[in-house]
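Participant: Okay, handing you the structure first.
The values are calculated or read from the model by the stated rules, or taken from the named source; none is laboratory data. Since this is a predicted model, take the numbers as computed values, not measurements. All Cβ positions, even for glycine, are placed from backbone atoms using ideal geometry, and neighbour counts span all protein chains on display. Keep in mind that these areas ignore ligands, DNA and RNA; they rest on the heavy atoms of the full protein, side chains included. Shrake-Rupley method; radii C 1.70, N 1.55, O 1.52, S 1.80 Å.
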Amino acid sequence: QVQLVESGGGLVQAGDSLTLSCAASGRTFSDYVMAWFRQAPGKEREFVAYISWSGGSTSYADSVKGRFTISRDNGKSTVYLQMNSLKLEDTAEYYCAADRSAGSYYRQYMYWGQGTQVTVSS
């Protein structure tokens, strides 16, 4: 079992920056690909970014590429999502996920956090 706890969400204005954190416990953190997904009301959960076990490889959704950066600290068992130039359409519940394999489809991820809300206002 892997337990994931997100933090760092909040209310920000368009153009602002925000950093989300996800602390993991329970298993060897570096054995898992870590990802961020988000879900807006009435919409399906969508891929944001993932990072490989060592952090050497990352992938981003086109909608966030160039604005968001995913990173991980295996010593702290934590993954981060740095979000810059936030837009109204970034408003969503953000979820951290873990799995032994990399991918952008949410159903493949075995472990999930409880989510943290990000609201971007104009």
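Participant: How much length would be gained if the chain were fully extended between Ser71 and Ser85, taking 0.36 nm per residue of separation minus their Cα-Cα distance, in nm to one decimal?
Facilitator: 3.3 nm
Participant: Same structure again: With the other protein chains left in place, how much accessible area per residue, in square angstrom, belongs to the chain at a 1.4 angstrom probe? Working shown, then result.
Facilitator: Details: 5970 Å² over 122 residues.
Accessible area per residue: 49 Å².
Participant: So, R0 is 25 Å and r is the distance between the beta-carbons of Ser54 and Gln3; what FRET efficiency does that work out to, to 0.05?
Facilitator: Once the sixth-power term is evaluated, E becomes 0.70.
Participant: Tell me which residues come under 5 Å, amide H to amide H, from Arg72 once H is placed; ignore anything under 5 positions away on its chain.
Facilitator: Hits under the 5 Å cutoff: Tyr80.
Participant: Once you have a ≥ b ≥ c as the square roots of the Cα gyration tensor eigenvalues for region 25-66, tell me rounded if a/c is under 1.5, and otherwise prolate or oblate according to whether a/b is larger than b/c.
Facilitator: Verdict is oblate for region 25-66.
Participant: Label point 7 Å out from Arg100 along Cα-to-Cβ: which residues of region 9-31 have amide N under 17 Å?
Facilitator: 26-31
Participant: Looking at the chain, what % of its DSSP beta bridges pair antiparallel, to the nearest 5?
Facilitator: About 90 percent, rounded to the nearest 5.
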